[in-house]
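Down below is the structure, laid out as structure tokens.
Quick note: the coordinates plus some simple rules give every number you see, no bench work behind them. Since we're looking at a predicted model, the values are computed, not measured. Note that we place each Cβ from the backbone using ideal geometry, even for glycine, and neighbour counts take in every protein chain shown.
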Protein chains: 2
Amino acid sequence: MAVTIPTPTPQTAADPLALQRFLDGRYAGTRDAVRGWLDLPQNAPGDGLTLEAHRAQVLDWARELAAAGRTALGFPVEYGGQGDVGASIAAFETLAWGDLSLLVKIGVQFGLFGGAVLHLGTATHHERYLADIAALRLPGCFAMTETGHGSNVQALETTATYDAAADEFVIHTPTESARKDYIGNAARDGRMAAVFAQLIVGDEGRGVHALLVPIRDEQGEVLPGVRIEDCGAKLGLDGVDNGRIWFDHVRVPREALLDRYAQVRPDGTYFSPIESSTKRFFTMLGTLIQGRVSVGGASMNATKVALTIAIRHGLERRQFGVPGEPEALLMDYRTHQRRLLIPLAHTYALHFAQAELVDQLHEAFSSDGDGDLERRELETLAAGVKAVSTWHATSTIQECREACGGAGYLAGNRFAALKADTDVFTTFEGDNTVLIQLAAKNLLTGFRDDLGELDPLGTAAFFAGQVYETVAERTAIRELLTRLSDDLRPGRKDEGELLDRETGLELLRWRAEHTLGGAARRLKGGFDAGRDPFSVLVDTQDHVFAVGRVWVDQVVGEAFSRAVDRCPAGPERDALDTLCSLYILSTIEADRGWYQEHGRLSSTRSKAVIKAVNALCGRLRPQAGELVEAFGVPEGALGDARRVEGV
Amino acid sequence: MAVTIPTPTPQTAADPLALQRFLDGRYAGTRDAVRGWLDLPQNAPGDGLTLEAHRAQVLDWARELAAAGRTALGFPVEYGGQGDVGASIAAFETLAWGDLSLLVKIGVQFGLFGGAVLHLGTATHHERYLADIAALRLPGCFAMTETGHGSNVQALETTATYDAAADEFVIHTPTESARKDYIGNAARDGRMAAVFAQLIVGDEGRGVHALLVPIRDEQGEVLPGVRIEDCGAKLGLDGVDNGRIWFDHVRVPREALLDRYAQVRPDGTYFSPIESSTKRFFTMLGTLIQGRVSVGGASMNATKVALTIAIRHGLERRQFGVPGEPEALLMDYRTHQRRLLIPLAHTYALHFAQAELVDQLHEAFSSDGDGDLERRELETLAAGVKAVSTWHATSTIQECREACGGAGYLAGNRFAALKADTDVFTTFEGDNTVLIQLAAKNLLTGFRDDLGELDPLGTAAFFAGQVYETVAERTAIRELLTRLSDDLRPGRKDEGELLDRETGLELLRWRAEHTLGGAARRLKGGFDAGRDPFSVLVDTQDHVFAVGRVWVDQVVGEAFSRAVDRCPAGPERDALDTLCSLYILSTIEADRGWYQEHGRLSSTRSKAVIKAVNALCGRLRPQAGELVEAFGVPEGALGDARRVEGV
């Protein structure tokens, strides 16, 4: 059957400022304040500084922002904050337009270290430390990762042994692989560390808990029993002083234990309101969720800087063309449109998914609602969006660099720092590959809480085959219903509907559901046949990974679609609608092999998807400039953009 | 129909040294000599140096190598070389395991600057300069790119106007966009530049020609009329002193013109043995081919460093696994196998394609054969392999960095430098996007010589519709024959053959041929309908791009397959055979959407491709270590690899 892709009609260009207001949403004021700060000449990224000068500059900036009360918006009001988690993340995301070392330094101090004290500690800790942390009078570290263990937190080796006679914990690094590694704020500035260690009370291992351990005195001298080594130069983020820490039987008082979820009494009795040790562990780790959401948002904003530079360049730079006429603009070429406008559409999509995520997180923290299911769903979403956003940043920034040719290679044009600094986002706050599998496992086990969070292989779940059975049955029924409704709904098979948002979303939903159901059935089949659980997992792992990955595509598409519907009618909404279609169809295009394998796209319709993506790129081309201006990246954060533009 | 993928039988591991000998091929001695030099402690990459110290170190190294006669192996013997182009490229490629700034510095001095004098100049230039260039007594620049024009060399703006009265050329930078930009060796060390400029003789423009222009005196002072600015810090390659050059009516004698392909007599008569100005231009540019081949080879070797580090790490680092047992090795996970072993297979494939390319180039330079068709085929291959190799390097090095987690982010582990230094490889010596389209255009126009090389849009060809017609007809007939032979050959449709190399290669060939034919027909259709040529091109551009891209996949696969056949029977050949199948099938897997669209894979067979790729990964897993050891990357080039290994 012939497929006709309607020729897109030209659209009235969106007004960048109106679109920016819509993108900024409820935290527009917070974002504008950060924009203003970033646009001051003295706050331009410190890309050219030496390691030590860069670290000093970053600390100065952080102190300035802390003094102005701008770094701990999520802290309770009584400790110098504003009790507004959403605003806190919005401010953090926006800061990603500037020097990313500053961003990460702030994330370590106020998000990770401060967050550990706030969420894992109790009133005593809050009283004693939070105000100093918020004011950066007490610089601290989040000492979780060890050289030998990053993602598998449950296997950390550092020990915290309770000595009842002294009423103290003894913190110790038993092996070289147990040294704390890559710890931000450790090499230079940190005075205290939230140390994650195996708690041992009366010879009984109680699993990983966090304790506050002083590491330097007021003069900045390293304390006895503590050894610190500088991680030195890194691929990027050299304004952050990452280091390694060893503890040699360091003693801290019993109150050093951050005891919201578990207490140790003077006599050595261990008590926790959460009975299951696995559940307790993952409840504690739940505090990481804000870090993940923050990193996802920051990477998206770094992406916006790159896209702004590259698309401006493509609208200035001419190359080849028709003899006798001025050379054509780079943006006029289809290959250039595809390489920049498709990532642009995905950036918009992730922006709106992120905004919903921040709202949900804000809600969860504000309502104090402790619904397990909601919490796990939020964790799953945060894990998935963080992974996809950070990978998107890595690939898009690279594409933008190449799209600017040799000019993109000069340090003054920001790509050097953008690439180098965002690179580790795919690793920290949870390795992306692990996070996607974590999301997959939560989906596969119906968000069951007792199966372990950060163990993406779900070893526990290997022995819980009935979980997969439930998911397998549920998805089989849903698929059947979808197919039935497809067949019943008039016009559903009409090829002309390809540009229709709902049609595309259904394709994304169907893929997510089918991938989930298929993986559940394969796992169950393997376990039922009595095969070795590890080899069942290995054989299915690429499928399991896909479960998480395609689910994110679906939820991101749905979030974008809701945003389009929320936008007041007009050119801005038309532009978002087109971007949303481009997001959806380019996602389907990238996986059209799968859609054909599963009978959801005919070969003809599959080819039509490619044509539609090209047509949408052509349609967006005339307002490509407006669509990046709408991000509102301050000029001061764009580097020597004039130079990129070729003169 | 059910598809059975035979369970792969375990293979005896290849002997790394035997495999290394096979990979090293005819230039094993040259490669070993460079290995030895790189393994000396004083020659370890200068990643931690300051900009100026790094530049000084690189110059010292280059002088040392030049003094030892190791940098200009391709130069004629009488000027300090060995007249061996193949060995010269082999040595250059191998140097890519070390500090890539040194590699690029050497490429600029001996490959680009020296190559311009050698290939575009005549006896006078050779006598006067080559020995000094070979010994690095005369450091020079290749001043082609301008701020306003990179890929479109024909549109350069710098002028070289002949003043017959003075018997001199006047070199001038008429606009800001005409300044020479990103020129290696310009900011600090260069004394002379091969300047590409529009030659104007007696008011007539003769197109772009190269002239030798002194830019600094013996004391290193910039000469009158010349202005030089430092490009400053770059994303990487900071040991190379890139700069900008402006010329203000700088006068050089008539003999400054590199006059192999065009002479200007004292009276101002212009003469060229090549009548067509377009052909003359592209003949001159043909000298760039060696640079492209060199960069392709270098990027492949940088990739090998990254893969060696990451696969070793994957064989040491344990994470998660079955409770009660030691954690599993990263390499035991299917996702980890896919992320590293598929790029490993592509690296092997590109290695052998590169080796064939070097052989052909060596042959072409040695035989002095000037067959136009052969030359264009070689250029096309060089363009395609350069683009694919350098993109492969960018993506693989990134994948390897992420596969090493936080440890991969420390500067000591080489990923920082590997990423940053190789990044520009996708841009210089021809922008990859342009090069792929150049290859496509050569294929679409049957390698016709008069249609312009570096104008990938083939504006000239827009008006030569009959060319496309020929290609369209030819490919249609070939496709018909392929289909017929498919139907006639017994067992051709047998699903079990998926792991058979020839089956896979036929799928790659068919895709290349079909993509080419389809693009030719679309272009011809557009032109025949009288549509605006530029919009015909834009509408077809992604298809035209695919013509070049998929053709490279085919020729790389064929080169790999020939290498397997050449390898003596035994475990090394078995390993190569498996890697070759993985290369072919993972390529098909990545484009299985296309194969289904074009009826060459059923949905069942398409899914079987995924299973086969997974099975091949599992089969190679036990000898992953041997397969990277066989690259023979010196330990000294692997950085703090111990640290990556987690202790």
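So here's what we get for this one:
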quantity	calculated
C-alpha center-to-center spacing [region B:65-85, region A:377-445] in angstrom	45 Å
Other protein chain Cβ atoms within 10 Å, averaged over every residue that makes up B:229-236	5
Difference of contour (0.36 nm per residue) and Cα-Cα distance, B:Ile477 to B:Arg318	51.7 nm
Residue-averaged [θ]222 nm for chain B, counting only DSSP H segments that reach four residues, each worth -39500 (n - 2.57)	-17000 deg cm²/dmol
Among B:325-334, A:296-305, A:159-168, the order from most to least packed when residues are scored by Cβ within 10 Å on average	A:296-305, B:325-334, A:159-168
B:Glu204-B:Glu229 pseudo-label distance in nm [points 7 Å out on the Cα-to-Cβ vector]	3.7 nm
B:Glu218-A:Glu52 pseudo-label distance in nm [points 7 Å out on the Cα-to-Cβ vector]	4.2 nm
Rg over Rh [alpha-carbon atoms, Kirkwood Rh] for the protein assembly as shown	0.96
Using a Förster distance of 22 Å, the FRET efficiency for A:Val77-A:Glu635 (Cβ separation, nearest 0.05)	0.05
Listed residue (A:Leu103, A:Gln398, A:Leu136) projecting farthest to the positive dipole end of chain A, Cβ model	A:Gln398
Helix B:334-367 vs. chain B, principal-axis angle (Cα, 0 to 90°, nearest 10)	40 degrees
Modelled FRET efficiency - R0 51 Å, A:Ala590 with A:Ala135, Cβ distances, 0.05 increments	0.60
Mean projected area in nm² (Cα convex hull; one quarter of hull surface) for chain A	30.3 nm²
Whole-Hz couplings from phi, Karplus 6.51/-1.76/1.60, listed for region A:255-262; x for Gly and Pro	5, 5, 5, 6, 10, 5, 9, 7
Kirkwood hydrodynamic radius (C-alpha pairs) into Stokes-Einstein, region A:360-436, 20 °C and 1.002 mPa s, D in µm²/s	149 µm²/s
Residue (of B:Gln360, B:Leu237, B:Ser602) at the positive-pole extreme of chain B, dipole from beta-carbon charges	B:Ser602
For region B:194-252, the Rg and Dmax computed from alpha carbons only, in angstrom	14.4, 44
Label spacing, shortest first and in nm, from A:Arg26 to its equivalents in the remaining copies (7 angstrom along Cα→Cβ)	7.1
Using θ = phi - 60° and Karplus 6.51 cos²θ - 1.76 cosθ + 1.60, couplings along region A:105-115 (whole Hz; Gly, Pro as x)	4, 5, x, 5, 5, 8, x, 7, 5, x, x
Nearest-first distances (nm) between copies at B:Ser395, label 7 Å from Cα via Cβ	0.9
Computed Rg/Rh of region A:142-275, alpha carbon atoms with Kirkwood Rh	0.98
Net dipole in debye of region B:142-275 [+1 Lys, Arg Cβ; -1 Asp, Glu Cβ; about Cα centre; nearest 20]	220 debye
Residue order, fewest to most surrounding Cβ atoms within 10 angstrom, among A:His126, B:His313, B:His125	A:His126, B:His125, B:His313
Long-range HN-HN contacts of B:Gly207 with modeled amide H, under 5 Å	B:Leu199
Partner chain coverage, peptide A:541-550 - average Cβ within 10 angstrom	3
A:Glu168 long-range amide H proximity, modeled H, under 5 Å	A:Asp163
Total formal charge among the other residues, if their Cβ is under 11 angstrom from that of B:Val388, Lys/Arg +1 and Asp/Glu -1	+1
Spatially proximal aspartates and glutamates relative to A:Lys279 (Cα-Cα < 16 Å; intrachain offsets below 8 disregarded)	A:Asp259, A:Asp370, A:Asp372, A:Glu374, A:Glu377, A:Glu379, A:Asp449, A:Asp450, A:Glu453, A:Asp455
At 0.692 mPa s and 37 °C, Stokes D of region B:159-200 from Kirkwood alpha-carbon radius, µm² per second	278 µm²/s
Listed residue (A:Leu340, A:Leu537, A:Pro266) projecting farthest to the positive dipole end of chain A, Cβ model	A:Leu340
Inter-site label distance for A:Tyr270 and B:Arg128 at 7 Å from Cα along Cβ, in nm	8.5 nm
For B:Glu64, label point 7 Å along C-beta direction: distances to other copies, nm	4.4
Magnitude of the charge dipole, the protein assembly as shown, Cβ model with Lys/Arg +1 and Asp/Glu -1, debye to 20	1740 debye
Within-12-Å neighbourhood charge of B:Asp99 [Cβ basis; K, R +1; D, E -1]	-1
Sorted by Cβ density within 10 Å, fewest first, the residues A:Ile171, A:Ile610	A:Ile610, A:Ile171
